[in-house]
């Protein structure tokens, strides 16, 4: 019996419109009623994930910033953290600004952005359909370098870098890899999302990478929860679709990949479920848990 099921959000539990279908919600709630710990693990900030956890009835833990933070929902307490150093954040901002490449800085609760483009545009449009207490916090910052430099209380989860042009994107990645004490997610494919605007569907496509402090990974956060809950790997299931899910899919007792996952992730998984648009999470939970 799986006691801990860790589920990614974008591309996994959420469909292409950033929504959880009625079926998936019902199946997840049934698993929780059986005493299974359903933990959401995402690159999103804490409050964005917390709103989704509430929607599915998960009241135990969540993992934010790709493993930079583990949060106890019930007791409103951060249990584990591995944030980026401010000087590293500033170094990356400088490179992005000098090369005119889009980037966003994620704090524990907010996405800081110079403008609404790519992934943040998607979250912004997603917010328009949500109640106020379920929105992802987005703050447009005119001078990011100065803002971060003078921020005394902010904690930095990660930085996301995006561009439509493959050669520009990979040239920046090469520069970023020269910086020590950070981890640059190796991504070679385009992110593809869809924004609903009335009856129109607008595709949003871009190359992206995520930068965190060194040794940040969803799997390290999962291991922390395993120790806390006194569980073995055989009692853990992990479901994801992208390279930031790689280690948890590889190491969990049961690693599940979505049908639309990157080839490398599908190759590591023990089972491949349906796509995020076809209730893949619900189907795998019905098969192995219910």
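The values are calculated or read from the model by the stated rules, or taken from the named source; none is laboratory data. On a predicted model such as this, the values are computed, not experimentally measured, just so you know. Reconstructed Cβ throughout: ideal geometry from the backbone, glycine too, with neighbour counts over all protein chains shown.
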Log entry, pairs with first residue in the stretch 238-267 being in contact (Cβ under 8 Å) with a residue 24 or more places away in the chain, second being surrounded by fewer than 22 Cβ atoms within 10 Å (Cβ to Cβ) and part of a strand (DSSP E or B), beta carbons closer than 6 Å, six or more apart or on different chains, reads 256/271
For residue 90, which of the numbered conditions (1) in contact (Cβ under 8 Å) with a residue 40 or more places away in the chain; (2) more than 13 Å from the chain's Cα centre (by Cα); (3) assigned to a strand (DSSP E or B) fails to hold? (3)
Condition met for residue 32 (more than 21 Å from the chain's Cα centre (by Cα) and assigned by TED's automatic domain parsing to the domain that holds residue 209): no
Residue 58 meets each of (1) without any contact (Cβ under 8 Å) to a residue 40 or more places away in the chain; (2) part of a strand (DSSP E or B); (3) buried (at least 18 other Cβ atoms within 10 Å of the Cβ) with one exception, condition (2)
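Quick grid of which residues meet (1) modelled with pLDDT under 95; (2) surrounded by fewer than 23 Cβ atoms within 10 Å (Cβ to Cβ); (3) touching a strand residue (DSSP E or B) at 6+ places or on another chain (Cβ under 6 Å); (4) closer than 20 Å to residue 27 by Cβ:
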| position | (1), (2), (3), (4) |
| --- | --- |
| 240 | no, no, no, yes |
| 248 | no, no, yes, no |
| 252 | no, no, yes, yes |
| 257 | no, no, yes, yes |
| 262 | yes, yes, no, no |
| 272 | no, yes, yes, yes |
| 278 | no, yes, no, yes |
All but one of (1) at pLDDT 90 or above; (2) closer than 19 Å to residue 6 by Cα hold for residue 184; state the number of the condition that does not hold. (2)
Can you find even one residue in the stretch 74-89 that is crowded, with 23+ Cβ neighbours inside 10 Å and more than 21 Å from residue 9 (Cα to Cα)? yes
What about residue 230, is it in the same structural domain as residue 32 (by TED's automatic domain parsing), surrounded by fewer than 20 Cβ atoms within 10 Å (Cβ to Cβ) and on the phi > 0 side of the Ramachandran plot? yes
Report yes if some residue within the stretch 39-47 is in contact with a helix residue (DSSP H, G or I) (Cβ under 9 Å, 6 or more places away or on another chain), part of a loop (DSSP other than H, G, I, E, B) and either surrounded by fewer than 19 Cβ atoms within 10 Å (Cβ to Cβ) or free of Cβ contacts under 8 Å to residues at least 24 places away in the same chain (or both); otherwise report no. no
Taking into account only those residues within the stretch 101-130 that are part of a loop (DSSP other than H, G, I, E, B), more than 15 Å from the chain's Cα centre (by Cα) and within 23 Å of residue 213 (Cα to Cα), which is modelled with the lowest pLDDT? 101
